[in-house]
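Right, one structure below, let's go through it.
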Amino acid sequence: MPKSVYPHEPRRALSGPKGLAITNLSYMTDTLTIDTPTTMPVAHAKALYVETYGCQMNKADSELIVGLLLRDGYRLTDQVEQADVILVNTCAIREKAEQRVLGRMSELNRLKSINPNLILGLCGCMSQHLGEKIIDKAPYIDLLAGPDSYRRLPAMLQALDTNQEPALDLSWDRVEHYLDIDPIREAGVNGWVTIMRGCDKMCSFCIVPFVRGRERSTPHQEILRQIERLGEEGYKEVTLLGQTVNKYQDGKVDFATLLQRAAEIEGIERIRFTSPHPSHFPDHLIDIMADSPKICPHTHLPLQSGSTTMLERMKRDYTAKTYLDVVYRLRKKIPHIALTTDIIVGFCGETEEEYQATYEMMQTVQFDAAFMFKYSPRSGTAAYKRLEDNVPEEDKGRRLTAIIDLQKSISSDRNQAYVGRTVDVLVEGQSKRDEAKLFGKTDAFKTVVFPALPEIQSHMIVQIGITSVTPFTLFGDVV
Ligand code: 5AD
């Protein structure tokens, strides 16, 4: 297979914007788009279309990619048919996610019959996971770039102008923070701020350390600068992102201190973070969360399994008991906190008793919401190498359905407790299902839908009296 691998370039400032000023950037589901044309003639600038799959870190990375390429003279388009370059930023966490993207790539390939010069690139975790062998399967892919390679995208794209061979860069960079690149962020109330990259936890089921590399914390000054800028630009909320976000450490600045400093920044009303690890919740972090009204009373606390023997096989470094201890300490200091989680069923060797322990843990904790998955073996991980994926598909399916049903009923009960209460809602925009309604979120991350009023606009915090609920949404009226 022909290939060209781009060596690391020396660190240098990339070329500045080529007569490009950007106004009114908006974000559509999974796609970065620009509404209003740029102020300078851009007929010669190549049109870039970015599609994003997976977690919030991928969304933040896409914003980085856009920032980088607009700086290099590209312009954004929301019309995939008009793109000169399509970059698909991908997720490798489960096989299904990869299959979905491969289907989409072959669909996008059809656009090459309209525009033979179209460049189709695969970025992010899936590129890193599948490596160059993906080009054997999908030879129409022109570019592969892993999460540490975005800095070299302009050079790779430029080389494709003259070179027929695919451009590949899957190299690792233990110090890459993309510090000099300002992301072009989604317009809205929330701005993502990546505070760590990579992961050193090595959970046996998880591919992240193998596709995102070693853990490193971004210097705190840079994070605070980004948050200040978001505040000045009118964002009301920031979400700090990292694979084990509460393990953040930059010299003497730990995660608790970073949260405390972030909460002092003007303009930002709400601070969220995701995803923390249950093993890194010292009391002083919980105290700071409890003491700052800006730090949202919501924690996404991935459980994975409620069984200690299973947690051992998963190489999660906590037990069912120590997980419950974190829940207890969080709820003691922040009684109104909402807790959400991630759960995997059918991991290697999961017995009926181990699965029952998860079910019972969910009953005990009463999560507000949960993302629930069947185990999906990922090549490269410890479980893939050393454990057998031996839970029959039928059992995986039955267990998943049962916990989904359980969670639905728990979420419904938890939401029911909101009926009759008044909540502060940060308005995000028009409801997708009903134009006459607006939606927003509470500080506890509950989505609230309510009738639109002319005086209410996005970015405002309004009080809504809750009248009815589903397991996923609260409904009410402006108080
Ligand atoms: N199979 C199924 N689910 C997984 N997750 C991570 N790796 C796998 C896997 N191999 C889930 C975990 C994690 C979430 C982001 O995805 O629950 O917290």
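Under the rule of at least 5 residues apart or a separate chain, name every residue whose amide H is placed under 5 Å from the amide H of G440.
E428, V448
Could you give the spread of the C-alpha atoms of region 422-478 along their three principal axes, from largest to smallest, in whole angstroms?
Cα extents, longest axis first: 27, 21, 16 Å.
Which loop trypsin sites (Lys or Arg not before Pro) in region 223-314, with loop taken from DSSP, have no more than 14 other Cβ atoms within 10 angstrom of their Cβ?
On the way: sites: R225, R229, K236, K247, K252, R261, R270, R272, K294, R313; in loops: K236, K252, K294.
Hits after loop and neighbour filter: K252.
With all protein chains present, how much of the accessible area of region 314-374 (probe radius 1.4 Å) comes from carbon and sulfur, to the nearest whole percent?
Numbers: 1580 of 2670 Å².
After summing per-atom areas, the C and S share lands at 59 percent.
Please list, in chain and number order, the residues 5+ apart from V345 or on another chain whose amide H is under 5 Å from its amide H, with Hs placed from the backbone.
Close amide H contacts, sequence-distant or interchain: F373, K374, Y375.
Assuming R0 = 30 Å, can you tell me the calculated FRET efficiency for the pair R214 and S106, based on Cβ-Cβ distance, to the nearest 0.05? Show your work: numbers first, answer last.
Working: r = 33 Å, r/R0 = 1.11.
Efficiency at R0 = 30 Å is approximately 0.35.
Hey, what did the chain get for relative contact order, percent, Cα under 8 Å, at least 6 apart? It would help to have the intermediate numbers written out before the result.
Working: 967 pairs, mean separation 47.0, N = 479.
Computed value for the chain: 10 percent relative contact order.
Please give the residues of region 411-431, grouped as numeric ranges, whose backbone N is less than 18 Å from a label point set 7 Å along the Cα-to-Cβ vector of L453.
Those under the cut-off are 420-431.
Considering only protein heavy atoms, what per residue accessible area in square angstrom results for region 84-171 with a 1.4 angstrom probe? Write out the running numbers ahead of the final one.
On the way: 3440 Å² over 88 residues.
Averaged over the residues of region 84-171, the accessible area is 39 Å².
Could you list the trypsin sites (Lys or Arg not before Pro) in region 121-179 that lie in coil according to DSSP, counting only those with at most 15 other Cβ atoms within 10 Å of their Cβ?
Working: sites: K133, K137, R151, R152, R174; in loops: R174.
Here the sparse-neighbourhood loop sites are R174.
Relative to the present Cα-Cα distance, how much length would full extension add between W172 and K133 at 0.36 nm per residue of separation? Write out the running numbers ahead of the final one.
Values: separation 39, 0.36 × 39 = 14.04 nm, distance 1.79 nm.
Separation in residues times 0.36 nm, less the Cα-Cα distance, equals 12.2 nm.
If the limit is 19 Å between Cα atoms, which of K247/K441; K112/K137; K247/K315; K201/K247; K59/K133 go over it? The partial results should precede the final answer.
Details: K247/K441 27 Å; K112/K137 17 Å; K247/K315 17 Å; K201/K247 10 Å; K59/K133 25 Å.
Check vs 19 Å cut-off fails for K247/K441; K59/K133.
Apply 1/(1 + (r/R0)^6) to the Cβ-Cβ distance of Y359 and R331, taking R0 = 25 Å, and write down the FRET efficiency to the nearest 0.05.
Working: r = 21 Å, r/R0 = 0.82.
Between Y359 and R331 the formula returns 0.75.
Where in region 420-479 are there chymotrypsin sites (Phe, Trp or Tyr not before Pro) that are in a DSSP coil and have at most 13 other Cβ atoms within 10 angstrom of their Cβ?
Numbers: sites: F439, F445, F472, F475; in loops: F445, F472.
Passing sites in region 420-479 are F472.
So if a site counts as exposed when it's one of the GluC sites (Glu not before Pro), its DSSP state isn't H, G, I, E or B, and it has at most 13 other Cβ atoms within 10 Å, what's the longest stretch of the chain without one?
Details: sites that count: E233, E264, E266, E388, E435, E455.
Value returned for the longest uninterrupted segment is 1-232.
Dividing the Cα radius of gyration by the Kirkwood radius, what Rg/Rh value follows for region 190-416?
Result for region 190-416 is an Rg/Rh of 0.99.
Report in % the part of the accessible area of region 408-477 that belongs to carbon and sulfur, leaving out ligands and nucleic acids; probe 1.4 Å. Could the numbers behind the result be given before it?
Numbers: 1830 of 3740 Å².
The C+S portion of the solvent-accessible surface of region 408-477 is 49 percent.
Step through the residues of region 327-341 one at a time and calculate ³J(HN,Hα) from phi using the Karplus curve (6.51 cos²θ - 1.76 cosθ + 1.60, θ = phi - 60°), rounding each to whole Hz and writing x for Gly and Pro.
Per-residue couplings from phi come out as 4, 4, 5, 5, 6, 5, 7, 10, x, 8, 5, 9, 10, 10, 8 Hz.
FRET efficiency for E233 and F371, Cβ-Cβ distance as r, R0 = 35 Å, nearest 0.05? Display every interim value, and only then the final one.
Details: r = 30 Å, r/R0 = 0.86.
After rounding, the FRET efficiency stands at 0.70.
With a 1.4 Å probe and all protein chains kept in place, how do C348, C55 rank by accessible area, largest first? Can you show the working numbers first?
Working: C348 5, C55 55 Å².
Result of the area sort, largest leading: C55, C348.
In nm, to one decimal, how far is the modelled label at K437 from the one at T473, with both set 7 Å along Cα→Cβ?
For the pair K437/T473, the computed spacing is 0.4 nm.
First obtain the Kirkwood hydrodynamic radius of the chain from its Cα pairs, then insert it into the Stokes-Einstein equation at 25 °C and 0.890 mPa s, and state the resulting D in µm² per second as a whole number.
Working: Rh = 23.7 Å.
For the chosen part, D equals 103 µm²/s.
Give me the distance between the Cα centres of region 58-93 and region 254-308, rounded to whole Å.
30 Å
Which residues among region 277-303 fall inside the zone where the amide N is under 20 Å from a point 7 Å beyond the Cα of Q463, along Cα→Cβ?
So the set is 293-294, 297.
Averaged per residue, what accessible area in Å² does region 266-399 show with a 1.4 Å probe, protein chains only?
Spelled out: the 1.4 Å probe surface of region 266-399, per residue, equals 43 Å².
Can you bin region 302-451 into rounded, prolate or oblate? Criterion: square roots of the alpha carbon gyration tensor eigenvalues sorted a ≥ b ≥ c, rounded for a/c under 1.5, prolate for a/b above b/c, oblate for the rest. Provide the component values of the computation, followed by the final result.
Working: a/c = 2.39, a/b = 1.78, b/c = 1.34.
The shape class here is prolate.
In nm, to one decimal, how far is the modelled label at L179 from the one at S113, with both set 7 Å along Cα→Cβ?
5.0 nm
Could you tell me what percent of the accessible area of region 108-228 is made up of carbon and sulfur, with a 1.4 Å probe and every protein chain present? Walk me through the numbers before you get to the answer.
On the way: 2260 of 4400 Å².
Within region 108-228, the accessible surface is 51 percent carbon and sulfur.
The values are calculated or read from the model by the stated rules, or taken from the named source; none is laboratory data. The model shown is predicted, which means the values in this text are computed figures rather than measured ones. Please note: Cβ atoms are built from the backbone with ideal geometry, for glycine as well, and neighbour counts cover all protein chains shown. Protein only, heavy atoms only, side chains kept; ligands, DNA and RNA dropped before computing areas. Shrake-Rupley method; radii C 1.70, N 1.55, O 1.52, S 1.80 Å.
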